[in-house]
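What follows is calculated from the coordinates using simple rules that are stated; it is not laboratory data. This one's a predicted model, so the numbers in the text were calculated from it and none came from an experiment. Because the Cβ atoms are built from the backbone with ideal geometry, glycine has one as well, and the counts that use them run over all protein chains shown.
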Amino acid sequence: MLLDVEAVTKRFGGLTAVSDVSFGVNEGEVVGVIGPNGAGKTTLFNLIAGALAPSAGCIRFADADITGEKPHRICRRGLARTFQIVKPFGNLSVVENVVIGAFTRVRHRSAAYAEAERVLGVTGLTRWRDAAARSLPIGLRKRLEVARALATRPRLLLLDEVMNGLNPTELTAMMALIRSLSASGITILLIEHVMAAVMTLCGRIVVIHHGERIAEAPPREIARDPRVIEAYLGEAYQSERRSQPATAPRCWRWTTSARTTLTCKSCTA
Ligand SMILES: Nc1ncnc2c1ncn2[C@@H]1O[C@H](COP(=O)(O)OP(=O)(O)OP(=O)(O)O)[C@@H](O)[C@H]1O
Ligand SMILES: [Mg+2]
């Protein structure tokens, strides 16, 4: 097991944001984390990536105990994350933002730039390499967030809502990027509210509700789980499934009208 989260709890004063959560991620998997707003998903990522220390429990990565370790040390081990609220250095250019990530692995400026150019190619950002990060629209900022993390050469990549706010074209491109990263051997753990994407990309989904892990299963089972439907997916989702019993699970908000076309029902209504 590449990542092992064992009985992890995080308390903020009287609020238990993450409560006794356990799950694991095997090398090569794409695992989704879903749950309502405020469920504790980002807090869980903060604990795994070292931004917060757990109140209880243990986190192991690549056979090492990383519980409470500093973020830069965890990153050096090969665990990188993106931020839900994208945080580029706005005054710096796109390539300079990625170079900062590359310095995690290489010492020399020329090597860092070479690595950054490679990552810009992988993420489709080469055209914008000299643009100021702050000038990018949200779709490209999300991409830059992924690029910065990739430049640290992760074995495990934590993606926190990288598909939120993207238009259908950007969403399709981001899904393709995630698939290609997975195919290149990077293990992926992703938090996402865009259900059509989660259901399509992930082999397994962990559901968090009020800080607790309430379910963990492959997408098809998650889509049928009454606890998950009640806590998160909602009645609309269930009735949509009944009216479209066929193949892939459908979301209450997003529906896949063709393999590559995602339509937001609330937008087209
Ligand atoms: N640093 C903090 N101090 C105090 N409370 C916090 C802190 N970080 C998060 N919380 C609280 O912990 C709970 C879980 O928040 P978290 O951001 O992990 O939710 P989330 O599942 O990521 O939600 P969303 O889907 O909206 O991003 C919330 O009640 C939040 O207000
Ligand atoms: Mg969050």
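Which one is surrounded by the most Cβ atoms within 10 Å (Cβ to Cβ), of the residues in region 11-53 that are of a type in the set (D, E, K, R) and touching a residue at least 60 places away in the same chain (Cβ under 8 Å)?
Filtering region 11-53 for residues that are of a type in the set (D, E, K, R) and touching a residue at least 60 places away in the same chain (Cβ under 8 Å), the one surrounded by the most Cβ atoms within 10 Å (Cβ to Cβ) comes out as K41.
Suppose the filter is over 25 Å from D4 (Cα atoms) and crowded, with 17+ Cβ neighbours inside 10 Å; does M195 pass it?
No: the conditions fail for M195.
Counting just the residues of region 124-139 that are in contact (Cβ under 8 Å) with a residue 40 or more places away in the chain and either in a helix (DSSP H, G or I) or under 23 Å from P71 (Cα atoms) (or both), which one comes out nearest to ligand 2 (Cβ to nearest atom)? Working first, answer last.
As a first pass, look at region 124-139 and keep what is in contact (Cβ under 8 Å) with a residue 40 or more places away in the chain: 124, 132-134, 136, 138.
Going one step further and asking which of them are either in a helix (DSSP H, G or I) or under 23 Å from P71 (Cα atoms) (or both), we end up with 133-134, 138.
Numbers: A133: 22, R134: 22, I138: 16 Å.
Checking each candidate, the answer is I138.
Filter region 145-174 down to residues that are acidic (D, E) and assigned to a helix (DSSP H, G or I) and give me whichever is nearest to ligand 1 (Cβ to nearest atom).
Only one residue fits best here, namely E145.
Being in a loop (DSSP other than H, G, I, E, B), touching a residue at least 40 places away in the same chain (Cβ under 8 Å) and either in contact with a Pro (Cβ under 7 Å, 6 or more places away or on another chain) or closer than 17 Å to L136 by Cα (or both) is the filter here; which residues of region 78-119 pass it?
Selection gives G78, T82, F83, Q84, V86, K87, P88, F89, G90, N91, L92.
Let me confirm something: among R204, R148, R213, which residue is buried (at least 23 other Cβ atoms within 10 Å of the Cβ) and not hydroxyl-bearing (S, T, Y)? Step through it out loud before you land on a result.
On the way: R204 fails: buried (at least 23 other Cβ atoms within 10 Å of the Cβ); R213 fails: buried (at least 23 other Cβ atoms within 10 Å of the Cβ).
It is R148.
Say we look at region 61-88 and pick out the residues that are among the basic types (K, R) and within 16 Å of ligand 1 (Cβ to nearest atom); which of these is nearest to R107 (Cα to Cα)?
Here the answer is R81.
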